[in-house]
Amino acid sequence: MIVEQIGCIIGHLCSSVENQERVGHAGGIPVLVGVLHVHASSPAVVAQISWAIYHISFNGDCRTLLLRAGAISAIGKALTAHNSAAAVVEQCCWALRNLVATPESRAELTKAGGIVSLVSALTTCASSPQVIEQICIILSTICTGSAENRSAVLKAGCVVPLIAILFNHSARIAVISVACQTISTISVTTEARAAITRARGISALLHLLQLHASSAPTIRLVSQAIFGLSALAETKIEICKVGGIPILIGALYSHSGNTGVVDIVCQTLYSLALSTANQAVMGKAGAIPVLIQLLKDHSGNPGVAEKICLALANISGNADNKVAIIRGGGTQLLLALAMRAVGSPAAAAAKQALQKLGAA
């Protein structure tokens, strides 16, 4: 009880930068980590000490001392011991967020069993949106730039609980946003993309596009996840099979003025149109009129214009689509962009589209 109260007091005090430094200079950090080891079986102590560590870790020097004292190992073991206690897991996650900023600290988390515990908690604490948010943020952080950690997270079984989160917390934008970010971060390999597709990830993501059709930031994050998955041939087929193409095109109509949405959805259509069958579906779903209008509206934005041109280039592989693009005035717009933005990626994409249209 006394240890728990002390942890609570230190946590409150260390919301102040000056007090963070005082704890570090006074040698308090090894003591806190030691307490976490000794009282690892006490959920109340673990929660309060983790909360204190979270506040202290905002100070760079203190963060270094925490890492040297073995804070990650202690928190990793605490996560394992209290994996189904949402309140404790949440505090442990807060403590970890500032500590896993370096490759070395992420490796230590893996060694301490932290990745397995975090992924497990996605299931054991599945009803807690706060816990899910924290875990997804940490998983995204430790997987960014690390093939080894992405593999470890995948091996720990993250896919099924992540997709379950998209279905079960579909109305919570904060939760699905971080879950989609995690999916985007891990889905850079064929193995991950296939696993997510098999787990009904595409259906879950498309459901979110429909449910949050008016939210541009949500559309952008969900579409980013779909784009990452669409690199896989079987996923291209699945997206079309479950009606994803009209939903994506609908997002372009609804958010035609939002450059972030237009950029990522056009990238996704470009990827999907690598499939000949999908090209025909896009034409019938109204992709060509909206893409031509978008090219008019965003011709002054080279980055976005490039993505629109690439989508048009791939869609024009279908004969009917080619005719529709030409009749819709697409050729003139592409020629104007190619001449105006000479040497830019947008001009190169416009020329690529013109070549496919036979107008280069």
Is it fair to say Leu221 is among the aliphatic types (A, V, I, L, M) and over 21 Å from Thr124 (Cα atoms)? yes
Do you know which residues across the range 224-233 are buried (at least 19 other Cβ atoms within 10 Å of the Cβ), in contact with a Lys or Arg (Cβ under 7 Å, 6 or more places away or on another chain) and of a type in the set (A, V, I, L, M)? Leu229, Leu232
Lone unmet requirement of (1) under 31 Å from the mean Cα position of the chain (by Cα); (2) surrounded by 21 or more Cβ atoms within 10 Å (Cβ to Cβ); (3) farther than 20 Å from Ser230 by Cβ for Ala348: (2)
Output the residue which, of all residues in the range 210-223 that are surrounded by 21 or more Cβ atoms within 10 Å (Cβ to Cβ) and of a type outside the set (A, V, I, L, M, F, W, C), is farthest from Ala199 (Cα to Cα). Arg220
Take the residues in the range 83-107 that are over 18 Å from Leu32 (Cβ atoms) and part of a helix (DSSP H, G or I), then tell me which one is farthest from the chain's Cα centre (by Cα). Ala87
Name the residue, out of Ala324, Ala280, Ala285, Ala319, that is free of Cβ contacts under 8 Å to residues at least 24 places away in the same chain, aliphatic (A, V, I, L, M), surrounded by fewer than 24 Cβ atoms within 10 Å (Cβ to Cβ) and more than 19 Å from Ala347 (Cα to Cα). Ala319
Quick one: how many residues across the range 253-271 are farther than 24 Å from Ala347 by Cβ and part of a helix (DSSP H, G or I)? 2
As an exercise: evaluate Ala280 against (1) modelled with pLDDT of 95 or more; (2) assigned to a loop (DSSP other than H, G, I, E, B); (3) of a type in the set (Gly, Ala, Ser); (4) over 17 Å from Ser223 (Cα atoms) and give the number of the one condition it does not meet. (2)
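The values are calculated or read from the model by the stated rules, or taken from the named source; none is laboratory data. Worth saying up front: this structure is predicted, and the values here are computed from it rather than measured. Positions of Cβ are generated from backbone atoms using ideal geometry, with glycine treated the same way; all protein chains shown enter the neighbour counts.
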